[in-house]
Every structure is written in structure tokens, then in C-alpha cells.
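The values are calculated or read from the model by the stated rules, or taken from the named source; none is laboratory data. Fair warning: this is a prediction, and the values are worked out from it, not measured in the lab. Note that each Cβ is placed from the backbone with ideal geometry, even for glycine, and that neighbours are counted across all protein chains shown. With ligands, DNA and RNA removed, areas are computed over all heavy atoms of the protein, side chains included. Shrake-Rupley method; radii C 1.70, N 1.55, O 1.52, S 1.80 Å.
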Amino acid sequence: MTAVSEALPPVPDPALASALAADLDAADFRSEPLRRLWGEEADDALGRGVREPVLRAITRDVGPLATAGRFFVLGMPQPAALVDAAFARVGVDGLVALGLARVDGADAVPTALVRPQSFVDADGVGEWWIASDLDELALGTALPADHVLGVGGASRTLAELVVPVPVARALDLGTGCGIQALLVARHAGEVVATDISERALAFAALNARLNGVTNITFRQGSMFEPVAGEAFDLIVSNPPFVITPRVEGVTAYEYRDGGLVGDALVEAFVRSVPGHLTPGGIAQLLGNWESVSSLPVPQSSLPVPQSSLPEPVEGSKTTPGLTRLESWIDPALDAWVIEREELTPLAYAELWVRDGGTTPREATFGRMLEAWLDDFTARGVTAVGFGYVLLRRPAAPGESLHRFEKVSQPLAAPGGSLGRALRDGLAAHDGLRDGVPHMLVTAPDVTEARHYLPGNDDPSVIELRQGGGFGRTVEVDPALAGFVGACDGELSVMQIVSAIADLFEVPLVDLWADLEPRIRELVLDGFLVPAP
């Protein structure tokens, strides 16, 4: 039977939230102190869903940090007297009033998790306390349908991607526990956070209170309904994009399932978002999109182009799913879409059946897997892509950016570098509207690798490698390699190209026609930047 969530006050008591924050601070309830308390190996095991090593390390420790760790990190009942001692300001009664605990005889029983969440973004390093529902490890059963997820991999991915620009108004659509709203609030004057789930909004409001963030307002509703007629400078969304079959016996989890057929939720977002962006405004979301054997029957009231979709060109970095996604996007927008992975229907179904806490040992696993595969077969789905979507309403006239690509290699180290790469790529696109800059310099994170066949003095392959951003590797020929190597701020672009034309004894006009589009790509990707 699916677990039932405990009630949570929709508006947290400010005094109790402040008291809890003070108790957590006094206990030094943060990532590094906890990791030191139970050891790095046990902490890594906990990240894999194994809690026994952590529990062994702190079983006999009755200090405030160990008690808080057992209670709020592991989600384990504790003697009420011990919890009262660890949370001296808020007490067990206050935790109950906040919806984070209940009393069972002499024990205090957690009804939610509160975990420290460290982050690194373009503004620096920080840490928050994030409350969310008990996970399946603490529950010992499948998740309830109204489960509010904590900070997972998708949340951290979107946080890394958000373009770090100061804005007046921002929207976090589908806020969940509120992690994106908290991050965006660091460089926004006002943030509106929406969700269809009242329970998610209650957690998000509590998390804002716990961390002293006051510039977020919360509204309940589906998609853009709560902000009808409003426009924003930045819209971020980790929406419930998981594709779930609409049949009995398959739980529709609020945190991941938007209630529409197939990938119609992502379609609805990208079709609706232009009306909510200010000039220059940016929208970013994570999403799934389907590759289909032929155009599907429209899944919603949204218009779907009826023309045939072209097959991808041989050697192209795009996929049928990306081509389908592109057909939904207003061509007047700047669009930069990156597909990170593509799963077969079977792999996708197994991933999300397991995500809900159902394992192959259970009889329901096979039935749910069949329901997913039947749904994909009925709609002609051959693969499901996952990736990042960035849309921008241009602030000035000019050629729009339309970049749809598959990037599967490991990305650069975290810390806001991906968001900065997207920001700098948009700025580079704007600068290229007036042509290639007069003078370029090679970015400091770019290195060159040359590969030689045994006994051959000339390289068979020359690669430019990027240490930051998206960690791209680009194969270049000797002429382009020579151009990049000469971009040190001393010579103009045309001086360098003229010298290379003389060296290779080719007409300057022909060489420039060959190099110019590839130089533009290197500028857009951050290999080359305008000289100061």
C-alpha cells in the first residue's frame, strides 16, 4: 500500500522556524561537520542509499549533532527527551507544530527530513537547510503520490545551468522544495515560486523561512496559470516532465508527473513561455522529449505541425527528438537546446519504475514495466531524450540563435561554470551579429592536443580541448589550429588570416570563407573571446 503523507502547515510559524534555524546552527548541523562526525566512507555510502555505516558511527553518540543526524538526516525516531535536548529552542512541540514530527509514546518520530545542502554558484559558496518528505529509505515503503522530493540530481543540474545575471523579477515554475527559488533569489529582486502541490509550497515556504530568505512569494496553480498576464526577466523550471502511462496501477507522483500524455508538458511550456518573458528575458528548464516513428496524434489542445519531420543529416549532432522539440519553439526566440542522453523505451521505463521505490522483487514491477512499454508502443515512441532547454526573447532585432545539439561527454567541474558558459555564449552570439570581432584571444582554459601516427612528422589529428564550460573537444585542421595559436592579443583577426594564407599559399578570400564559420563556432563555444 502506498504511504500517506503527514499534514504540513501551509504557512510556517515564523517564530518556530527561526527557533529551529537557531537550534540547527547551534548544533553546527552542516555538511562538513556531519561528514566528519560519521566519516567520509559512511557519508559516501549514505549517498548511495546505505545508512548502516552512518548509524554504526553515531549509535551511542547522544550529542545534538548526532541526534539531529539520526532524526533529520536518517529519518529515525528518537527519544523525545533527547530531541528536546538537541532542539532546545523549538522543542518537540515546536517540531510537531511545524509539521516535521509527531509524538508516539516516549518517542519523537520525524515526519520529514531536514538536510544541509551546500552549493557553489557564480556568487560564491553557501549552504542551506532543506526540508522535504521522508524518502523511501526512511519510509521503508514506496513513496506516496504527493511526495515532495528534496534536492536530487536534477535539481543540482538545473542549479548549475542557471545563467548568473542580476534580474528584477524571476519565476520558479514547479518549485518543489524551493531549491531553485532560493538560488535565484541570490541575484533577483523578487522571485515568484509556483507549484500545483500545496504540500510542496508549504515545504518551500518553510525552507525560505529556515534560511532567512524574504524575497520569494508563493502561489499555487498549474503551469503559468498563477502568473497570467505577468512577465519575468528569468524563468527557471525543473517541471514534472517524466513520461508516465495514464493507466490504473501506475502511480502518478506529483513531483515528477505533470498529468499530461507523453512529453506534452514540455511542449506546453515551450509554447507558452514567450508570453511571459520580458525583452531579453531567459527561460531555462530540464525536460524529456520523445522520438517517434511518425508524428503522433496531438496529445493536447496545443497545435502540432502536421508536416513530416526531417530525418537527421548524416554526421549531424541533432536527433529526431531534438528536431521534434524544435518544431514547438517560436522561431523568433533564441533557442539553445542540449540533449544529454537518449534512452530506449525499456531503459526509460525501468528507470522510473525503480525511482518510485518499486524493485524487480515485487510483483507490481513487471506490470508497471509492461504499462510503460505498451504506452510507448501505442504512440510510436522509439526513444526518449533528456536535456537542457534555454529560450530567450531577443531584446534587439537580428538573426536568432537556433542551436540544437547532443552533448554526451562528461561536463566541466561544477560551481556555476555551465551557467557562465551559457551566459557567455549568448553574449558571444549577440556580438557576432556585427561580424567576427576585430581581435580575438584564446581562452585560458583551452589546450591543444596533437596525435601522430608512428614515424609520421605531421599530426593526423589536432584537437582543441576546453577545460571549463561544457568541456568540449573540437577537431581542427592545421589552418584553424594555427589561427587559434596566434590569437594572443597582438594581431588582428585579418592579420592572422592573411599570414596563414601566405603560409599555405592559398587565396585569402578562399581561406576566410573556410575559416570564418568555424571561428564563429569557437567564439560561441568560448574557445575564443574578444580581446579586452
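A few remarks follow.
- You will find that of 45, 3, 57, 26, the residue that is modelled with pLDDT of 95 or more and among the hydrophobic types (A, V, I, L, M, F, W, C) is 26 and no other.
- Of all residues in segment 468-481, those being part of a strand (DSSP E or B) and over 35 Å from the mean Cα position of the chain (by Cα) number 0.
- Members of segment 482-507 found to be of a type in the set (A, V, I, L, M, F, W, C), open to solvent by 70 Å² or more (accessible area, probe 1.4 Å) and part of a helix (DSSP H, G or I), listed by number: 494, 503, 504
- Which numbered condition residue 223 fails, given (1) in a strand (DSSP E or B); (2) open to solvent by 10 Å² or more (accessible area, probe 1.4 Å): (1)
- Neighbours by Cβ (under 8 Å, 6+ apart or cross-chain): first from segment 208-227, touching a residue at least 12 places away in the same chain (Cβ under 8 Å) and under 16 Å from residue 25 (Cα atoms); second open to solvent by 60 Å² or more (accessible area, probe 1.4 Å) and of a type in the set (Val, Ile, Thr): 208/214
- Tabulated pairs, segment 99-114, first on the phi > 0 side of the Ramachandran plot, second open to solvent by 70 Å² or more (accessible area, probe 1.4 Å), C-beta under 7 angstrom, 6+ apart or interchain: 99/6; 99/7
- The residue pairs whose first member lies in segment 47-58 and is touching a residue at least 12 places away in the same chain (Cβ under 8 Å) and surrounded by 15 or more Cβ atoms within 10 Å (Cβ to Cβ), whose second member is among the aliphatic types (A, V, I, L, M) and in a helix (DSSP H, G or I), and whose beta carbons are closer than 6 Å, counting only pairs six or more residues apart or on different chains, are 53/42; 53/45; 54/42; 54/46; 57/42; 58/66.
- Among the residues of segment 437-451, those identified as assigned to a strand (DSSP E or B), farther than 15 Å from residue 471 by Cβ and open to solvent by less than 50 Å² (accessible area, probe 1.4 Å) are 440, 441, 442.
- For segment 136-152, the set of residues classified as open to solvent by less than 40 Å² (accessible area, probe 1.4 Å) and either within 17 Å of residue 50 (Cα to Cα) or within 20 Å of the chain's Cα centre (by Cα) (or both) consists of 138, 142, 147, 148, 150, 151, 152, listed by residue number.
- Residues located in segment 362-395, provided they are closer than 30 Å to residue 432 by Cα and open to solvent by 50 Å² or more (accessible area, probe 1.4 Å): 393, 395
- Single unsatisfied condition, residue 484 versus (1) touching an Asp or Glu at 6+ places or on another chain (Cβ under 8 Å); (2) modelled with pLDDT under 95: (2)
- Here 9, 33 are screened, and the one residue that is open to solvent by less than 60 Å² (accessible area, probe 1.4 Å) and under 29 Å from residue 142 (Cβ atoms) is 9.
- When segment 327-374 is filtered for residues that are under 26 Å from residue 402 (Cα atoms) and either free of Cβ contacts under 8 Å to residues at least 12 places away in the same chain or of a type outside the set (A, V, I, L, M) (or both), the ones remaining, listed by number, are 327, 328, 330, 331, 334, 336, 339, 340, 341, 342.
- The condition (being open to solvent by less than 20 Å² (accessible area, probe 1.4 Å), without any contact (Cβ under 8 Å) to a residue 60 or more places away in the chain, more than 25 Å from residue 357 (Cβ to Cβ) and not hydroxyl-bearing (Ser, Thr, Tyr)) is satisfied by just one residue among 42, 68: 68.
- Total residues in segment 164-180, condition under 24 Å from residue 425 (Cα atoms) and crowded, with 24+ Cβ neighbours inside 10 Å: 4
- Residue count for segment 513-530 satisfying the condition of being open to solvent by less than 30 Å² (accessible area, probe 1.4 Å) and in contact (Cβ under 8 Å) with a residue 60 or more places away in the chain: 7.
- Search result, residues across segment 504-523 that are over 33 Å from the mean Cα position of the chain (by Cα) and hydrophobic (A, V, I, L, M, F, W, C): 504, 506, 508, 509, 511, 512, 513, 515
- Look at (1) closer than 16 Å to residue 128 by Cα; (2) in contact with a Lys or Arg (Cβ under 7 Å, 6 or more places away or on another chain); (3) at pLDDT 95 or above and you find that residue 190 fails only one, number (1).
- Just one residue in the set 424, 434 is acidic (Asp, Glu) and either over 19 Å from the mean Cα position of the chain (by Cα) or in a loop (DSSP other than H, G, I, E, B) (or both); that residue is 434.
- Highlighted here are the helices (runs of 4 or more DSSP H) found entirely within segment 14-105 that include at least 2 residues which are in contact with a strand residue (DSSP E or B) (Cβ under 9 Å, 6 or more places away or on another chain): 14-26, 31-38, 64-68, 80-86, 91-97.
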